[in-house]
Each structure stands twice: as C-alpha cells, then as structure tokens.
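Data block below; observations after.
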Amino acid sequence: MQLALDAARRGESAGEVPIGAVVVKDGAVIAAAYNQPRSLSDPTAHAEVLAIRAAAKVLGNERLDGCELWVTLEPCPMCAGAISHARIAKLYYAASDPKGGAVEHGARVFEQEQCLHRPEVYSGMGEAEAAGLLRGFFQSKR
C-alpha cells in the first residue's frame, strides 16, 4: 500500500486529487499510477484505470489474471467495473468512500448479479494515511 500512497502523493504534487494505484503480479509491481483526469483532460483517467491499462500492456493481455490491485480509496463504479472486466484477483483499498465508492458503498458493483468477475476484497490498510492525504488536499482548496 505504501507504493500506492507514494503514487497518490505524486498526483497531489501534480495538482490532482491524491489517489494512487499499483498492480502487483507474483509479488512484483508491474504498474503504478495516480489520478490524472485534469492533466489528461480525461474523466476516465482514474488511478485504477490507468494502472490497469499499464499492467495490461506489460502483460500483453486485457485479462490481469492473478494480479492484485492496491488503491488508496474505495473504487468508484467505473473503476469497479474495470476491475471486474480486467479479472483482477484481489483488490486492496485503504480508505472507504461513502459518497462515491462502489465496493462497500453505493452501487456495490461486485455484489450485483450482472457482475461477471468478483475479486477478493480487503480494505483498511493505510486508511488513516490515505484519508489524511485526501482531507488535506481538499482543505487546501477551500
């Protein structure tokens, strides 16, 4: 999770909302990203989506079988859908997102009958640090 938090800090330095994601395969990091919707002018450029895209290129496959995704915030519905379609085996996320999350809040994407693949989900690792990064970022904007 520390690598995802590091990516989130890089995003914050770039003026983006500090959310980071890392894809791991067989114990090795194969991709890391941070949120970039502003800098890329792309509303889909969430950390999870960018990390999944990078990992798919590394593996040469759209299915990330056996991969883990580590992310600093509970994924939104779009990212949860991408996680399912990519066949991520395990999802680890730090902070819950009652407003925009879609794993344990909101849409609960992985619980839907239409969800084709459900990763194992683990939450809370690095939660205080991830939540602190986000709180600090938004307080500085007010």
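Observations, loosely collected:
- Residue in the range 76-88 that is closer than 17 Å to Tyr122 by Cβ, modelled with pLDDT of 95 or more and assigned to a strand (DSSP E or B) present: no
- Within the range 71-124, the residues that satisfy the criterion of being within 18 Å of Tyr34 (Cβ to Cβ) and either open to solvent by 10 Å² or more (accessible area, probe 1.4 Å) or in contact with a Lys or Arg (Cβ under 6 Å, 6 or more places away or on another chain) (or both) are Leu73, Cys76, Met78, Ala82, Tyr92, Asp97, Gly100.
- Pick from the range 1-52, criterion in a loop (DSSP other than H, G, I, E, B) and among the β-branched types (Val, Ile, Thr), ranking: surrounded by the most Cβ atoms within 10 Å (Cβ to Cβ): Ile19
- Here Gly132 fulfils each of the conditions (1) over 21 Å from Lys25 (Cα atoms); (2) open to solvent by 20 Å² or more (accessible area, probe 1.4 Å); (3) not in a helix (DSSP H, G or I) apart from (3).
- Leu64 vs. criteria under 14 Å from Val29 (Cβ atoms) and either β-branched (Val, Ile, Thr) or open to solvent by 40 Å² or more (accessible area, probe 1.4 Å) (or both): no
The values are calculated or read from the model by the stated rules, or taken from the named source; none is laboratory data. Because the structure is predicted, anything quoted here is derived from the model rather than measured. As a convention, Cβ positions derive from the backbone with ideal geometry for all residues, glycine included, and neighbour counts pool all protein chains shown. All accessible areas refer to the heavy atoms of the entire protein, side chains included, with ligands and DNA or RNA removed. Shrake-Rupley method; radii C 1.70, N 1.55, O 1.52, S 1.80 Å.
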